[in-house]
Amino acid sequence: MAHAGGSSPDLIPTHRRADAVFAVIGLAIIALMWPRRRGPGAMARGVAYLAALALGGMALSRFRLLQEERGFLEPLAGAVHSMGDGSEPMVANGPMQRPTDAAEWALRVALHVGVDTAGPGTLLPIPEDWPLPPTARLGVERRNDGSWVVWAQESESSLTATCHAWVAIDGDNATEKELTPACEGNTTLPAGVVMALPRRGTTGNPVVTAGGAGSPWLQHRGNARREAVLESEGAEGPGWRTPMHSQIRASASAAGDMVLIGGHGTGLLVALDRRTGARRWSARAPNWIHHDAVSDGRIVVVGFGDSDRSFLGRAPSGVAAFDLATGRRLWTEFEERSVMTSPTILDSVVVYASSGGVVRKRLLATGQLLGTQELPGAVIMGPPVRTGDTLVATLDNSRICAVAIATMERHWCREYHDLRMLGHASAAVDQGVVVISAVATALLRLPMRMQATLLREVLFPRYDDEFAGQFVLGLDIATGAVTWRSGFFPRRRSVEGHSAGTAAIQDGAGVMVLPMADTVVAFDVATGAIRWASHANKSRGPPLVLGDQVIVAGRNGVIELRQLKDGVLRCTIRRDVGYDRAGPIVTGGLVVFANLDGEIEAIPASALLACSAPGASRPAPAP
């Protein structure tokens, strides 16, 4: 679909106005083709026939697009459940999705509650108020090597879907393939596996390990400036590498003396010793983890969800809380739409947003619901940013809202008509300025070649977005008014997934990766003045500002360090596997990277800044 600009973000508006436009075009073509008494009008009729052919192609393209849109799955697989606070069910009855979706849903919930591996090897009871496909059956297999596998089945008519996955046990050597749910039709179960409806139980009282709180990580990238630095006591460690056994798209986070990281397809949440990289514990969220976990130093909270086969998400979706010291599950709350962003913690409450635009405030210790606000858009992949009591959420397609956490009332909501995909990148805040990135849609500002491409996509649309490029903007946090806007950064590559583009800010200087433009740009936060720009090595992850240098990890495996003041390249480090949305962080004097294959690497900050880390090289001197 093409996206262009004007008062409406689209070159040709949709729905009734678009129907009227094409109806007028069709009537004009018919009039030109109609035989006239004075002659056939060969030229006019020839043009009309060509126009009719083009119109037929346009109609066929739109029909194919409509068929794809009708094939999208509903956000949930049809379960009714409440928020556990006595309110009405938040999802109405609906048709069950495919048996494979229902079986996978049940399997992921079962993996989340776990198996009694120290006892008889049965599934632990699933709380009665948790949503679950009502007819799904579960079973447990213990293999000869001591590993545990959970099985799930769902039947519909003559089709029986079967899913299975290994239980993640600390210290095992399970692979990503074994930990990721695998589903097939009419599979024969292993001998001895007994399938039955799951046991249901009550939700226990969360108990947090006694003791003092460690250093917190209260929101995405640590704070509102997205600095991603956790100051820790003790000497800098020697560095380490460790596999997670899961693909990674989320940045790491840090709390206390641990590094926390979430898995993409597996929902695996792992806590590593900051000094050595040794695994301290692992747990399973009920679905994919797309962004960093947050913690007050005692409790870890992470959002989970998946838009793989339904854009606004599919069950199960929500947030889960774990004990930081042990990884023990404390509470879980499910949502109608995916929570593919990081929550934020303020004192005793945790706040998060879903892709349905619903913002919820809960008691951090128990998950008790304290307040709800519904926003006019979708929080897709951009974690809301918090500064003080104000939460700023970027929303698809073209809105941003600010909410007072104390009252859960809106401060303001603004729509920016010439921008798109605002819900795909997180904002940063400094000096009263909200820094955002957005996809550009204004047609007439673009080069002629791009205008032609967008026009073609409007006339003959596909389910592949065609965007022009990206902007950086500064907003007044009090009102949402635009205070400055950068120049236009044209698209240089297509980006799979969300557009990203989150700033890191230090001492009034902002640095941002614009993935579609494949550009790293540094700017003045107060004025928007561009300081420098360079290539981004196909990165999508946020940069890290460390001292006087900027660190960007590329999808091509290239890590670059540039001077913050002028962008001069200081050092290049090459790795065999690249990085995606996982921007580097700093904890305990170590810079932590997470690559696409799930390997986590910690490099001493001193070695990185001195360009003496393994694989590092300085640029050749200019001739």
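State all residues of region 487-532 that are in a loop (DSSP other than H, G, I, E, B), free of Cβ contacts under 8 Å to residues at least 60 places away in the same chain and in contact with a Gly (Cβ under 6 Å, 6 or more places away or on another chain); if no residue qualifies, say none.
PHE488, ARG491, ALA517, GLY528
Only one of (1) in contact with a Phe, Trp or Tyr (Cβ under 9 Å, 6 or more places away or on another chain); (2) part of a loop (DSSP other than H, G, I, E, B) fails for GLU236. Which number is that?
With respect to (1) in contact with a Phe, Trp or Tyr (Cβ under 9 Å, 6 or more places away or on another chain); (2) part of a loop (DSSP other than H, G, I, E, B), GLU236 is out only on (1).
Any chance you could count how many residues in region 217-275 are out of contact with any strand residue (DSSP E or B) (no Cβ under 8 Å at 6 or more places or on another chain) and within 24 Å of GLY501 (Cα to Cα)?
Total meeting the criteria: 5.
With (1) at pLDDT below 95; (2) on the phi > 0 side of the Ramachandran plot; (3) not acidic (Asp, Glu) as the list, and GLY327 as the residue in question, which single condition is left unmet?
Just one mismatch for GLY327, condition (1).
Given the residues ALA500, ALA509, ALA526, which is the only one that is farther than 12 Å from VAL435 by Cβ and either of a type outside the set (Phe, Trp, Tyr) or at pLDDT 95 or above (or both)? I'd like the intermediate steps shown before the answer.
Working: ALA509 fails: farther than 12 Å from VAL435 by Cβ; ALA526 fails: farther than 12 Å from VAL435 by Cβ.
Exactly one of ALA500, ALA509, ALA526 is farther than 12 Å from VAL435 by Cβ and either of a type outside the set (Phe, Trp, Tyr) or at pLDDT 95 or above (or both), namely ALA500.
Results for (1) at pLDDT below 95; (2) assigned to a loop (DSSP other than H, G, I, E, B); (3) surrounded by 17 or more Cβ atoms within 10 Å (Cβ to Cβ); (4) not small (Gly, Ala, Ser), shown as yes or no for each residue.
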residue	(1), (2), (3), (4)
PRO376	no, yes, no, yes
ILE380	yes, yes, yes, yes
LEU395	no, no, yes, yes
CYS401	no, no, yes, yes
VAL435	no, no, yes, yes
VAL439	yes, no, yes, yes
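Return a yes/no flag: does region 573-595 have any residue that is among the basic types (Lys, Arg), assigned by TED's automatic domain parsing to the domain that holds GLY508 and modelled with pLDDT of 95 or more.
The answer is yes; a qualifying residue exists.
Could you identify the single residue in ARG386, ARG399, ARG410, ARG360 that is over 14 Å from ALA500 (Cα atoms), charged (D, E, K, R) and more than 20 Å from the chain's Cα centre (by Cα)?
ARG410 is the lone residue from the list that is over 14 Å from ALA500 (Cα atoms), charged (D, E, K, R) and more than 20 Å from the chain's Cα centre (by Cα).
Please verify whether region 199-220 includes one or more residues that are surrounded by fewer than 16 Cβ atoms within 10 Å (Cβ to Cβ), of a type in the set (D, E, K, R), in contact with a Pro (Cβ under 9 Å, 6 or more places away or on another chain) and over 30 Å from ARG98 (Cα atoms).
No, region 199-220 contains no residue that is surrounded by fewer than 16 Cβ atoms within 10 Å (Cβ to Cβ), of a type in the set (D, E, K, R), in contact with a Pro (Cβ under 9 Å, 6 or more places away or on another chain) and over 30 Å from ARG98 (Cα atoms).
Give the number of residues within region 530-554 that are over 21 Å from SER253 (Cα atoms) and buried (at least 22 other Cβ atoms within 10 Å of the Cβ).
First, pick out the residues of region 530-554 that are over 21 Å from SER253 (Cα atoms): 530-538, 548.
Subset that is buried (at least 22 other Cβ atoms within 10 Å of the Cβ): 536.
Looking only at that region, the number is 1.
Return yes or no: is GLY557 at positive phi and either buried (at least 19 other Cβ atoms within 10 Å of the Cβ) or out of contact with any His (no Cβ under 8 Å at 6 or more places or on another chain) (or both)?
So GLY557 fits the description; yes.
Among the numbered criteria (1) in a strand (DSSP E or B); (2) surrounded by 16 or more Cβ atoms within 10 Å (Cβ to Cβ); (3) at pLDDT below 95, which single criterion is violated by GLU184?
It fails just one condition, (2).
The rows are residues; the columns are (1) touching a residue at least 40 places away in the same chain (Cβ under 8 Å); (2) crowded, with 20+ Cβ neighbours inside 10 Å; (3) touching a strand residue (DSSP E or B) at 6+ places or on another chain (Cβ under 7 Å); (4) within 25 Å of ALA271 (Cβ to Cβ).
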position	(1), (2), (3), (4)
ASP129	yes, no, no, no
ALA136	yes, yes, yes, no
GLY139	yes, yes, yes, no
TRP151	yes, yes, yes, no
THR160	yes, no, yes, no
HIS164	yes, yes, yes, no
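For region 256-299, list the strands (runs of 3 or more DSSP E) that sit wholly inside it and hold at least 3 residues that are more than 22 Å from PRO384 (Cα to Cα), charged (D, E, K, R) and in contact (Cβ under 8 Å) with a residue 40 or more places away in the chain; which are they? Outline the logic, then answer.
Values: elements: 258-262, 268-273, 279-284.
Because the criterion is at least 3 residues that are more than 22 Å from PRO384 (Cα to Cα), charged (D, E, K, R) and in contact (Cβ under 8 Å) with a residue 40 or more places away in the chain, the strands (runs of 3 or more DSSP E) in region 256-299 that meet it are 279-284.
The values are calculated or read from the model by the stated rules, or taken from the named source; none is laboratory data. Small disclaimer: the values here were computed from a predicted structure and weren't measured. We place every Cβ from the backbone using ideal geometry, glycine too, and count neighbours over all the protein chains shown.
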